[in-house]
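Following: one structure in structure tokens, then a few remarks.
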Amino acid sequence: MSVLYYDCFSGISGDMHLGALLDLGVDETHLKTELSKLGLDEHFKLEVTSSSKMGICGTRVDVKLKEERHTPANTMWHTHAHHHEHHHEHRTYQSIEALIQTSDLSSSIKKRSIAMFWEIAVAEGKIHGKAPHEVGFHEVGAIDSIVDIVGAAICFEALHVKKIIASSIELGGGFVTCAHGTFPVPAPATLEILKGIPITLNRIHAEATTPTGAAIIKSNVESFEVSPCFNIEKIGYGIGHNDFSIPNVLRVCLINEETRHEEEIVLECNLDDMSPEILAYAQERLFEVGVKDVYTTAITTKKNRLGVKLSLLVTKAKEQEAMRILFEETSSIGLRRYKVDKIALERHMERLETPFGLIEVKCSFYQGKLLKYKAEYEQCKNAARSYHVPISKVYDSVSRIMEKRENV
């Protein structure tokens, strides 16, 4: 499983992002084959070339439309930067979701793709006073942007990405003329999407990060780090189209994170006046938004009341959302916050063919050696019910298969 670090010193756009991941090792033929599952081959051609900016070599991606309907330059806000040949269809979020859902892409690619488009729909809806499902996407809904976003999800799956971390995101500065008039850079949608995420401005006097690039970051990056520390295994460069005063490239690093120290945040509060059932619901909601761990500790509070200490382990990127849910769903009116260093082994999921069907197993490694494993409980439970056997037999079948492997 891969961990990626995004160095966005020159921003991020959809085409630069595809270029960086192809440069990192995603097979071009695989990307094109997967994109063909959208059923849009007759409308576009994906051109992948070697290019450079200010001496930095990398990969450049262009989406060439086969049926061009030219629109005068700068009549719409460019949601993915740098001179695509835009096909300006106005699609709603619902039509884009339907296109993706009815394709033959894997469920994980569909889920990632729809999540990225949803970020844009929510932002555009807020800006224009519409429900997200009714938003007309301008060129975000055009074929080239669908390629950028779905292509990103395809590349993530090809690289077996388990986690993405990033630097702060450069957004650029200045003004651009669009369908609504002259607007400041960054685009309103870009700024809306990246609320709560570390950004920088005006390093580039142009649009450095587009709404498409912002949605890729918002949907997929788990944490943002000012002074990261890790071992780099490989580097990919996605080449942009415009010329800036600094290299217009996106740098993505494949990093080794087997025993990497991660700084995360613990949020805690004491509760002695709420229903356990409501607390359980709050815990479910916290897990749903991506909190790493939620647990309770039995305590006694003032006047010797029985209570629990609710503890959350969360990344900086998810902290504000977790805090909002904590205050909305519990009786707490305050909390404690402190930073912790977390050390975790490299982990990935394997699917084993057992006498009771396919069972996923979480495997943990140290310096390339498998140290421990654990079968997924829900799948073992379902298998035991389906085959009418004790659940211990399902676990035993997994253990026998794993024990035959080397280095166990």
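We did not get these values from a lab; they are worked out from the coordinates using the rules stated. Keep in mind the model is a prediction, meaning the values are calculated, not measured. Neighbour counts are summed over all protein chains in view; Cβ atoms, including those assigned to glycine, are modelled from backbone coordinates with ideal geometry.
Key figures for this structure:
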{"quantity": "Inter-site label distance for Val176 and Met54 at 7 Å from Cα along Cβ, in nm", "calculated": "2.0"}
{"quantity": "Peptides ranked, highest mean first, by Cβ atoms within 10 Å: ranges 191-203, 162-174", "calculated": "162-174, 191-203"}
{"quantity": "Angle between the chain longest axis and helix 14-24 axis [Cα atoms, degrees, rounded to 10]", "calculated": "60"}
{"quantity": "Local electrostatic count, Ile235, Cβ distance below 11 Å [Lys/Arg +1, Asp/Glu -1]", "calculated": "-1"}
{"quantity": "Folded to 0 to 90 degrees: helix 316-329 orientation relative to the chain principal axis, Cα", "calculated": "60"}
{"quantity": "Added length on full extension, which subtracts the Cα-Cα distance from 0.36 nm per residue, Ile235 to Ser95", "calculated": "46.8 nm"}
{"quantity": "Magnitude of the charge dipole, the chain, Cβ model with Lys/Arg +1 and Asp/Glu -1, debye to 20", "calculated": "1260"}
{"quantity": "Separation in nanometres of the label points that stand 7 Å from Cα toward Cβ, at Asp243 and Lys45", "calculated": "2.7"}
{"quantity": "Fluctuation leader among Ile204, Ile120, Ile299 - the chain, Gaussian network, Cα springs under 10 angstrom", "calculated": "Ile299"}
{"quantity": "FRET efficiency, Lys130 to Ser399 (Cβ-Cβ, R0 60 Å, nearest 0.05)", "calculated": "0.65"}
{"quantity": "Virtual spin-label span in nm between Met274 and Thr102, 7 Å along Cα→Cβ", "calculated": "4.3"}
{"quantity": "Average Cα contact separation per residue, region 261-343, under 8 Å, 6 or more apart, as relative contact order %", "calculated": "50"}
{"quantity": "The chain: equivalent-ellipsoid semi-axes (sqrt of 5 x gyration tensor eigenvalues, Cα, Å)", "calculated": "39, 28, 22"}
